[in-house]
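The values are calculated or read from the model by the stated rules, or taken from the named source; none is laboratory data. Predicted, not measured: the structure shown is a model, and the values here were computed from it. Positions of Cβ are generated from backbone atoms using ideal geometry, with glycine treated the same way; all protein chains shown enter the neighbour counts.
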Ligand code: NDP
Ligand code: 8X3
């Protein structure tokens, strides 16, 4: 039987690339997200291209009830999850604290922090029953260093960092690995979402850079997941070569 990976936020960017990477390595894949059409397309693509099985679950990680309902009632065949990739998340706005929108803040905290907790709590019993598992959380350089106008997005990713550390300590006795991956600029739909459909501003975020691709991050995630049972990468910060931390860039402008 193939190993099983669950990827949240698989309809786009890093999550989609992770689903493809693990499918290409013969994992059966559980894909989640809110856009059902994209999930259906990806399911067909993965099944056709890699001959693996795919379970597609459409729900909003902010909603505790639907998240629980989707994940705690997984068909028996899908319960033996080897790897959980907590990737679903977003930034909304890049505004100074006094101008930022409270709804944006709530959506970021509900998705990036609460959503990650709901999903993890729902999946953990399956890993505890197997006495093994690997939880890979998508942090960010924004969870290592606060930057101007990053305020609550940074807070949400600092929370992912702290939760990852706490999980790792508490789950040590249960033989569950916890890895936090912290990318710098990755060209995905992230900036388009952050700037609410303003494509020009979104594109400007990567101007003068050869940014990371979603595939670069998926490769790193897969590397962490494919190490021997006794090896656990705790924390990984990955930037493109033209970036150091959240402030320093060597752009070709
Ligand atoms: P994308 O916008 O391309 O993808 C985000 C994914 O998250 C989508 O599949 C989206 O699916 C899903 N998602 C967002 N909110 C929810 C929700 N409430 N419920 C369910 N799914 C949700 O961005 P990225 O691939 O870049 O982002 C993935 C992760 O990587 C995020 O956690 C982000 O913070 C992090 N990250 C990104 C970086 C970057 O520069 N791109 C750098 C560092 C970290 P749908 O809309 O269908 O629900
Ligand atoms: C995304 C990277 O620097 O835009 O987490 O916050 S950054």
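Structure above, values below:
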{"read-out": "For residue 215: the one exception among (1) out of contact with any helix residue (DSSP H, G or I) (no Cβ under 7 Å at 6 or more places or on another chain); (2) touching a residue at least 60 places away in the same chain (Cβ under 8 Å)", "value": "(1)"}
{"read-out": "Verdict on residue 216 being modelled with pLDDT of 95 or more, surrounded by fewer than 18 Cβ atoms within 10 Å (Cβ to Cβ) and over 27 Å from residue 20 (Cα atoms)", "value": "no"}
{"read-out": "Residue 161 being in a loop (DSSP other than H, G, I, E, B) and either buried (at least 20 other Cβ atoms within 10 Å of the Cβ) or modelled with pLDDT of 95 or more (or both)", "value": "no"}
{"read-out": "From 117, 92, 109, 84, residue being within 16 Å of ligand 1 (Cβ to nearest atom), closer than 23 Å to residue 13 by Cα and in contact with a strand residue (DSSP E or B) (Cβ under 6 Å, 6 or more places away or on another chain)", "value": "84"}
{"read-out": "Residue ID - farthest from residue 87 (Cα to Cα), chosen from residues in region 1-31 that are in contact (Cβ under 8 Å) with a residue 60 or more places away in the chain and in a strand (DSSP E or B)", "value": "4"}
{"read-out": "Qualifying positions in region 164-184 - in a helix (DSSP H, G or I) and touching a strand residue (DSSP E or B) at 6+ places or on another chain (Cβ under 6 Å)", "value": "164, 167, 168"}
{"read-out": "From 109, 84, 90, residue being in a strand (DSSP E or B) and either over 29 Å from residue 149 (Cα atoms) or modelled with pLDDT of 95 or more (or both)", "value": "84"}
{"read-out": "Residues of region 143-156 satisfying the condition of being in contact with a strand residue (DSSP E or B) (Cβ under 8 Å, 6 or more places away or on another chain) and either part of a helix (DSSP H, G or I) or exposed (fewer than 15 other Cβ atoms within 10 Å of the Cβ) (or both)", "value": "143"}
{"read-out": "Residue that is over 30 Å from residue 171 (Cα atoms) and touching a helix residue (DSSP H, G or I) at 6+ places or on another chain (Cβ under 7 Å), where the choices are 55, 128, 92, 39", "value": "92"}
{"read-out": "Count of residues meeting criterion [assigned to a helix (DSSP H, G or I), farther than 22 Å from residue 111 by Cβ and in contact with a helix residue (DSSP H, G or I) (Cβ under 7 Å, 6 or more places away or on another chain)] in region 42-52", "value": "2"}
{"read-out": "Positions within region 188-210 being within 10 Å of ligand 1 (Cβ to nearest atom) and surrounded by fewer than 19 Cβ atoms within 10 Å (Cβ to Cβ), in sequence order", "value": "189, 192, 193, 205, 206"}
{"read-out": "Of all residues in region 224-253 being under 17 Å from the mean Cα position of the chain (by Cα) and surrounded by 13 or more Cβ atoms within 10 Å (Cβ to Cβ), the one that is nearest to residue 161 (Cα to Cα)", "value": "235"}
